[in-house]
Amino acid sequence: MAEDKSKRDSIGMNMKGCQTNNGFVHNEDILEQTSDTGSSADNLQHSNTSILGSQEPDFKGVQPYAGMPKEVLFQFSGQARYRIPREILFWLAVASVLVLIAATVAIIVLSPKCLDWWQEGPMYQIYPRSFKDSNKDGNGDLKGIQDKLDYITALNVKTVWITSFYKSSLKDFRYGVEDFRQVDSIFGTMEDFENLVAAIHDKGLKLIIDFIPNHTSDKHTWFQLSRTRTGKYTDYYIWHDCTHENGTTVPPNNWLSVYGNSSWHFDEVRNQCYFHQFMKEQPDLNFRNPDVQEEIKEILRFWLTKGVDGFSFDAVKFLLEAKHLRDEIQVNKTQIPDTVTQYSELYHDFTTTQVGGMHDIPLDQYSTEFMGTEAYAETIDRTVMYYGLPFIQEADFPFNNYLTMLDTVSGNSVYEVITSWMENMPEGKWPNWMIGGPDSSRLTSRLGNEYVNVMNMLLFTLPGTPITYYGEEIGMGNIVAINLNESYDTNTLLSKSPMQWDNSSNAGFSEASHTWLPTNSDYHTVNVDQSLALSPCLNAVA
């Protein structure tokens, strides 16, 4: 009896596919009920064959059930009604992922990028010798700027731009640099500069400074070594053979200095002529020399490590000259060549706007860098060349001073300047606007007091970065041309008069008995205190 019972149990297991149901007893009932009851003998025969033979189990007629073994699962997974929906869901998932990836890429490409710090707010340009005197010597200095940071912050300015303060002679007012790594003593010390940088950053502001890569002072160590042909310094400047007899020099060509007369000057030590775009005390560097480029990079790194956030590169349109020395074309071709002595009498196609070289400046290794260029050309289309090309980055923007050139104002003239810049500016670049500067006549003197508020409002409603020259926010004007006791073109000094803070002596600029330039006679009514009294929201201009 026991043996018969064991056989029956074995046959029962075979009828279920030789598998246990792991406790799902109700499914056994379902399986038994759905089996073909009319062919138990055939099933018994099939089951015995499965045990004794090598044939696979036949699950025909078996329905899916919970806990089914993989052999049963595989029988159903291949059926069309299960396989097709599964494949549809799979490919839908793949397509969805691809669509999400494509959408993400499109959003990244089409969305405007986040603004850099130099795009987020106004810049305030300071001529340091005229902003605030802290040591009563009649000259503005770095400590004076630091003392007035609260005022600058109140203007909602985001960036402070300080013009040249390097050690230099008085020639060209700090643009004949003797040492790019030193602060001129008239402005203070390197410690004063470091304190100013820290204070600016504590206020949440950024700092850019002037840099002059085109030339140095003739007192610079590089030039002294170059004129004696010492080592690598031999070709740091642009030298060329010329004829010099009886005190008269015959230059290599007809190129002229910005200030008139030949741009070549004979050096008796080297017995050659050197090239200078500006004064003879400012010899041009040979920027095509890799050693010169490396020197420039090292100087930039020096100031960046001091905390400077960016640079305004001055006079960059003069940075490179044509390698050939062909004469430049006369404006008046009938003029006798020997009488051509004024800069405006030549077309300067070989000595200006030789675009290139700025993309080698290594600012991209610093996360907060900015590079602007003062490359004021005769026409806007030539100035915007300094934005660079799609594959060559030159400047973040060349400074736009064309509104400062308007001596008369009208809707059409302003519209032409604005649209010309926007239409010529390369796609994807950032505009900027200014209505005054160290080398421009002040707005009040050019257009009149009635246009001060209008032009300031225009400046801050145009797209791009507005740039305010110190004093323009309160309507300062040029000083009257008098004997300024300076060996330089006095016309460029008229817009550099001391900042007018209040109606006290020297307009609150200095407690000295004499200031380097006289204050404007209107300082009793045109000053910061008066502007604040009339409009407590002075910072609305920013």
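The values are calculated or read from the model by the stated rules, or taken from the named source; none is laboratory data. For clarity, every value in this text was computed on a predicted model and none was experimentally measured. Because the Cβ atoms are built from the backbone with ideal geometry, glycine has one as well, and the counts that use them run over all protein chains shown. The accessibility values were calculated without ligands, DNA or RNA, using every heavy atom of the protein model including side chains. Shrake-Rupley method; radii C 1.70, N 1.55, O 1.52, S 1.80 Å.
With I209, I186 as the choices, which residue is assigned by the TED database to the domain that holds Y127, closer than 24 Å to A154 by Cβ and in contact with a helix residue (DSSP H, G or I) (Cβ under 9 Å, 6 or more places away or on another chain)?
Result of the check over I209, I186: I209.
Looking only at region 375-391, which residues are assigned to a loop (DSSP other than H, G, I, E, B), surrounded by fewer than 21 Cβ atoms within 10 Å (Cβ to Cβ) and either among the hydrophobic types (A, V, I, L, M, F, W, C) or in contact (Cβ under 8 Å) with a residue 60 or more places away in the chain (or both)?
Within region 375-391, A377, F391 meet the criteria.
Give the residues of region 130-149 that are part of a helix (DSSP H, G or I) and either within 17 Å of T468 (Cα to Cα) or not basic (K, R) (or both), sorted by residue number. Working first, answer last.
Of the residues in region 130-149, the ones part of a helix (DSSP H, G or I) are 130, 142-147, 149.
Scanning region 130-149 gives S130, L142, G144, I145, Q146, D147, L149.
Here are W433, W421: which of them is under 22 Å from A375 (Cβ atoms), in the same structural domain as Q393 (by the TED database) and either assigned to a helix (DSSP H, G or I) or over 26 Å from the mean Cα position of the chain (by Cα) (or both)? Working first, answer last.
Details: W433 fails: either assigned to a helix (DSSP H, G or I) or over 26 Å from the mean Cα position of the chain (by Cα) (or both).
It is W421.
Only one of (1) open to solvent by 10 Å² or more (accessible area, probe 1.4 Å); (2) farther than 19 Å from V250 by Cα is not met by L285, so which one is it?
Against the list (1) open to solvent by 10 Å² or more (accessible area, probe 1.4 Å); (2) farther than 19 Å from V250 by Cα, L285 comes up short only on (1).
Determine which single condition N401 fails, assuming it passes every other condition in (1) open to solvent by less than 40 Å² (accessible area, probe 1.4 Å); (2) in contact (Cβ under 8 Å) with a residue 40 or more places away in the chain; (3) in contact with a Ser or Thr (Cβ under 9 Å, 6 or more places away or on another chain).
Going through the list (1) open to solvent by less than 40 Å² (accessible area, probe 1.4 Å); (2) in contact (Cβ under 8 Å) with a residue 40 or more places away in the chain; (3) in contact with a Ser or Thr (Cβ under 9 Å, 6 or more places away or on another chain), N401 breaks only (2).
I'd like the full set of residues that are out of contact with any His (no Cβ under 9 Å at 6 or more places or on another chain), open to solvent by 60 Å² or more (accessible area, probe 1.4 Å) and in a strand (DSSP E or B), limited to region 226-256.
If the condition is that a residue be out of contact with any His (no Cβ under 9 Å at 6 or more places or on another chain), open to solvent by 60 Å² or more (accessible area, probe 1.4 Å) and in a strand (DSSP E or B), then H240, T243, H244, E245, T248 are the ones that fit.
So Y259 ticks every box in (1) open to solvent by 30 Å² or more (accessible area, probe 1.4 Å); (2) hydroxyl-bearing (S, T, Y); (3) not in a loop (DSSP other than H, G, I, E, B) but one. Which box is left unticked?
All conditions pass for Y259, except number (3).
Name the residues in region 119-148 that are under 14 Å from L207 (Cβ atoms) and at pLDDT below 95, would you?
G121
Consider only pairs whose beta carbons are under 8 Å apart and that are at least six residues apart or on different chains; among these, list those whose first residue lies in region 505-527 and is within 19 Å of Y470 (Cβ to Cβ) and whose second residue is outside any loop (DSSP other than H, G, I, E, B) and open to solvent by 50 Å² or more (accessible area, probe 1.4 Å).
Between residues of region 505-527 that are within 19 Å of Y470 (Cβ to Cβ) and residues that are outside any loop (DSSP other than H, G, I, E, B) and open to solvent by 50 Å² or more (accessible area, probe 1.4 Å), the close pairs are G508/D529.
So which helices (runs of 4 or more DSSP H) are wholly in region 437-536 and hold at least 2 residues that are within 28 Å of the chain's Cα centre (by Cα) and either within 22 Å of Y376 (Cβ to Cβ) or outside the structural domain of T373 (by the TED database) (or both)?
Values: elements: 443-447, 452-461, 528-534.
It comes to 452-461.
So which residues in region 288-320 are open to solvent by 10 Å² or more (accessible area, probe 1.4 Å) and within 14 Å of D235 (Cα to Cα), if there are any at all?
R288, N289, P290, D291, Q293, E294, E295
Could you list all residues from region 89-110 that are more than 30 Å from G428 (Cβ to Cβ) and open to solvent by less than 90 Å² (accessible area, probe 1.4 Å)? Reasoning before the result, please.
Within region 89-110, the subset more than 30 Å from G428 (Cβ to Cβ) is 89-97.
Answer for region 89-110, where residues must be more than 30 Å from G428 (Cβ to Cβ) and open to solvent by less than 90 Å² (accessible area, probe 1.4 Å): A93, V94, A95, S96, V97.
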